[in-house]
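The values are calculated or read from the model by the stated rules, or taken from the named source; none is laboratory data. This one's a predicted model, so the numbers in the text were calculated from it and none came from an experiment. Note that we place each Cβ from the backbone using ideal geometry, even for glycine, and neighbour counts take in every protein chain shown.
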Amino acid sequence: MNVRLSALTNVGMVRDHNEDDFTVIQSVSPFKAWDYQPEGFDTPDNGILLMVAYGMGGANAGEIASSIVVSVVENAFKDSEELPDTDKSKEDFLKKTIVKSKKEIVKQAKNNIEYQGMGTTVVMAWVVNNKCYLAWAGDSRAYLMGKERDIEIVTKDHSLVWELMEKGMLTEEEAETHPDSNIITQSLSDSGSKLKPDSKVIDINEGDKLLLCSDGLNGMVHKKVISDILSQNQGEEACSKLVAEANANGGTDNITVVLMETAPYWKRDAEEINNDEEDYEPITEKTIKVKITDDADGDKTEERPEPEKSEDDPKEQKQQEVVQEEKSKPGFLKKFWDKIVNPQMEDDAIPDNSDVEKTKEDAVDEEAESSNTNDEEKTPNHN
């Protein structure tokens with residue numbers, strides 16, 4: 001299979017330093033680092049590896065955590081005398097490497113007080129012939145699209161919003177724009193939290209494009225816009241335009257993209273793109289509605305559709321606007337989720353937004369304070 005690899009990382013428009021990291025391994029065995037070849041190259045028998053890591057912790061060395069996972073993953077392939085040859089063994093190898101990376105992060109944080117509180121997410125893709133072995137922890141993503149295949153998110157975010165979406169409480173479009181999307185449930189950190197990486201195997205066809213990214217991209221750019229950019233651009237130009245779009249929408253986080261294209265390489269003219277909606281506002285300016293439906297566990301049976309707007313009654317319309325504004329506040333879904341899993345909780349017992357409105361970095365820092373002397377694992381709630 002002939003492929004072309006491209007990658008780009010950017011600090012964004014708000015942060016003062018870049019905590020993301022990535023690696024592209026052009027051959028996993030024998031090990032060969034990435035050498036950009038715009039004309040593409042034939043993949044080796046043991047495949048290629050792509051990876052993106054989103055560092056967290058701000059002043060507490062998020063960039064150290066992301067660089068640790070890159071180093072551990074690269075060394076895992078360098079030092080492996082015999083790589084696994086079955087689908088399951090490949091998936092297990094990747095997941096064990098992620099767990100090993102977390103252990104190294106914990107070790108480094110214990111030995112360096114300035115590293116305490118650091119963490120990272122990770123997504124990696126090991127592509128062998130026409131198969132792609134994915135493994136991830138956190139909300140860094142993988143997208144797949146083809147010339148005749150619509151774009152698809154082929155990983156599942158480890159996040160509160162994603163869990164609610166899978167329960168039918170949010171559509172994908174609503175989850176994409178919700179302000180609580182920064183609450184993650186898995187990461188590689190020194191918090192002592194239990195880590196359970198996910199993995200899957202997908203087929204890669206001729207003409208496919210596989211994109212790995214940190215949430216600095218998908219947190220700012222709609223999936224449809226990502227699809228349009230990948231359809232109209234190739235290689236380094238596609239990566240540059242993805243980053244530029246995220247920055248144009250605010251660039252509130254670091255942005256990293258790694259792109260693999262398979263031959264025959266293609267792009268479409270702008271007029272060929274079928275835009276059902278021509279204008280896409282920046283995600284940060286979107287509001288959200290919440291719909292609660294039956295779920296398999298029977299936790300909650302309720303529908304709360306968005307109220308219809310009334311042009312005849314200004315008072316009613318104002319009330320609807322207030323309700324909609326409340327739904328769009330950070331922390332709303334967290335409070336609502338708490339009540340679903342604990343139906344006996346009274347409304348006034350649900351904490352206000354200030355108790356649940358945390359960033360990923362805040363959660364990592366707080367968990368580190370309570371557990372850096374205790375290696376016992378527990379389920380995290382990284383915000």
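Restricting to the stretch 157-180, what's the tally of residues that are buried (at least 22 other Cβ atoms within 10 Å of the Cβ) and either at pLDDT below 90 or over 14 Å from the mean Cα position of the chain (by Cα) (or both)? Write out each step before concluding.
Of all residues in the stretch 157-180, those buried (at least 22 other Cβ atoms within 10 Å of the Cβ) come to 157-161, 164, 169-170, 175, 178, 180.
From the residues that got through so far, the ones that are either at pLDDT below 90 or over 14 Å from the mean Cα position of the chain (by Cα) (or both) too are 164, 169-170, 175, 178, 180.
Of the residues in the stretch 157-180, 6 are buried (at least 22 other Cβ atoms within 10 Å of the Cβ) and either at pLDDT below 90 or over 14 Å from the mean Cα position of the chain (by Cα) (or both).
Out of (1) of a type in the set (Val, Ile, Thr); (2) part of a strand (DSSP E or B); (3) more than 19 Å from LEU5 (Cβ to Cβ), the odd one out for ILE68 is which?
Among (1) of a type in the set (Val, Ile, Thr); (2) part of a strand (DSSP E or B); (3) more than 19 Å from LEU5 (Cβ to Cβ), the lone unmet condition for ILE68 is (2).
Given the residues SER191, SER199, SER181, which is the only one that is assigned to a loop (DSSP other than H, G, I, E, B), in contact with a helix residue (DSSP H, G or I) (Cβ under 8 Å, 6 or more places away or on another chain) and not aromatic (Phe, Trp, Tyr)? Let's see the steps before the verdict.
Working: SER199 fails: assigned to a loop (DSSP other than H, G, I, E, B); SER181 fails: assigned to a loop (DSSP other than H, G, I, E, B).
Result: SER191 is the single residue among SER191, SER199, SER181 that is assigned to a loop (DSSP other than H, G, I, E, B), in contact with a helix residue (DSSP H, G or I) (Cβ under 8 Å, 6 or more places away or on another chain) and not aromatic (Phe, Trp, Tyr).
Could you grab me the full set of residues in the stretch 215-272 that are under 26 Å from GLY47 (Cβ atoms) and in a loop (DSSP other than H, G, I, E, B)?
ASN233, GLN234, ALA263, PRO264, TYR265, TRP266, LYS267
List the residue pairs whose Cβ atoms are under 9 Å apart, where the first residue sits in the stretch 74-85 and is modelled with pLDDT under 85, the second is outside any loop (DSSP other than H, G, I, E, B), and the two are 6 or more positions apart or on different chains.
So the pair list comes out as SER80/VAL28; SER80/PHE93.
Does THR23 count as modelled with pLDDT of 95 or more, among the hydroxyl-bearing types (Ser, Thr, Tyr) and part of a strand (DSSP E or B)?
Answer is yes for this residue.
Which ones in the stretch 22-46 are out of contact with any Gly (no Cβ under 7 Å at 6 or more places or on another chain), under 17 Å from GLU74 (Cα atoms) and surrounded by 14 or more Cβ atoms within 10 Å (Cβ to Cβ)?
Here is the first cut: in the stretch 22-46, the ones out of contact with any Gly (no Cβ under 7 Å at 6 or more places or on another chain) are 22-27, 29-37, 39-46.
Now drop any that are not under 17 Å from GLU74 (Cα atoms), which leaves 22-27, 29-35, 44, 46.
Across the stretch 22-46, the qualifying residues are PHE22, THR23, VAL24, ILE25, GLN26, SER27, SER29, PHE31, TRP34, PRO44, ASN46.
Restricting attention to the stretch 51-65, and to residues there that are under 16 Å from ALA7 (Cβ atoms) and of a type in the set (A, V, I, L, M, F, W, C), which single residue is farthest from the chain's Cα centre (by Cα)?
Residue satisfying both the conditions and the ranking: MET51.
Is at least one residue of the stretch 143-164 under 30 Å from GLY207 (Cα atoms), of a type outside the set (D, E, K, R), out of contact with any Phe, Trp or Tyr (no Cβ under 9 Å at 6 or more places or on another chain) and free of Cβ contacts under 8 Å to residues at least 24 places away in the same chain?
Yes.
Restricting to the stretch 47-65, name every residue that is outside any helix (DSSP H, G or I) and surrounded by fewer than 18 Cβ atoms within 10 Å (Cβ to Cβ).
Hits for the stretch 47-65: nothing passes.
Have a look at ILE25, ILE48, ILE68 and point out the one that is closer than 21 Å to VAL123 by Cβ and in contact with a Leu (Cβ under 6 Å, 6 or more places away or on another chain). First the steps, then the outcome.
Working: ILE48 fails: in contact with a Leu (Cβ under 6 Å, 6 or more places away or on another chain); ILE68 fails: in contact with a Leu (Cβ under 6 Å, 6 or more places away or on another chain).
After ruling out the rest, the residue left standing is ILE25.
If a residue has to be under 18 Å from the mean Cα position of the chain (by Cα) and modelled with pLDDT under 95 to count, how many in the stretch 120-136 make the cut?
Of all residues in the stretch 120-136, those under 18 Å from the mean Cα position of the chain (by Cα) come to 120-126, 132-136.
From the residues that got through so far, the ones that are modelled with pLDDT under 95 too are none.
Of the residues in the stretch 120-136, 0 are under 18 Å from the mean Cα position of the chain (by Cα) and modelled with pLDDT under 95.
With respect to the numbered conditions (1) within 16 Å of TYR54 (Cα to Cα); (2) in contact with a helix residue (DSSP H, G or I) (Cβ under 9 Å, 6 or more places away or on another chain), which one is the sole condition not fulfilled by GLN186?
Unmet condition: (2).
Condition check ((1) in contact with a strand residue (DSSP E or B) (Cβ under 9 Å, 6 or more places away or on another chain); (2) of a type outside the set (Asp, Glu); (3) in a strand (DSSP E or B); (4) surrounded by fewer than 17 Cβ atoms within 10 Å (Cβ to Cβ)) across all residues:
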site	(1), (2), (3), (4)
ASP92	yes, no, no, yes
THR97	yes, yes, no, no
VAL122	yes, yes, yes, no
ALA125	yes, yes, yes, no
TYR133	yes, yes, yes, no
TYR143	yes, yes, yes, no
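What tally of residues in the stretch 30-46 results from selecting those that are in a loop (DSSP other than H, G, I, E, B), closer than 26 Å to ILE68 by Cα and among the charged types (D, E, K, R)?
Total meeting the criteria: 1.
For the stretch 140-156, how many residues are modelled with pLDDT under 95 and under 14 Å from ASN218 (Cα atoms)?
Counting residues in the stretch 140-156 that are modelled with pLDDT under 95 and under 14 Å from ASN218 (Cα atoms) gives 0.
Among the numbered criteria (1) over 23 Å from the mean Cα position of the chain (by Cα); (2) within 17 Å of VAL127 (Cβ to Cβ); (3) not hydrophobic (A, V, I, L, M, F, W, C), which one does ASN75 miss?
Of the numbered conditions (1) over 23 Å from the mean Cα position of the chain (by Cα); (2) within 17 Å of VAL127 (Cβ to Cβ); (3) not hydrophobic (A, V, I, L, M, F, W, C), the odd one out for ASN75 is (2).
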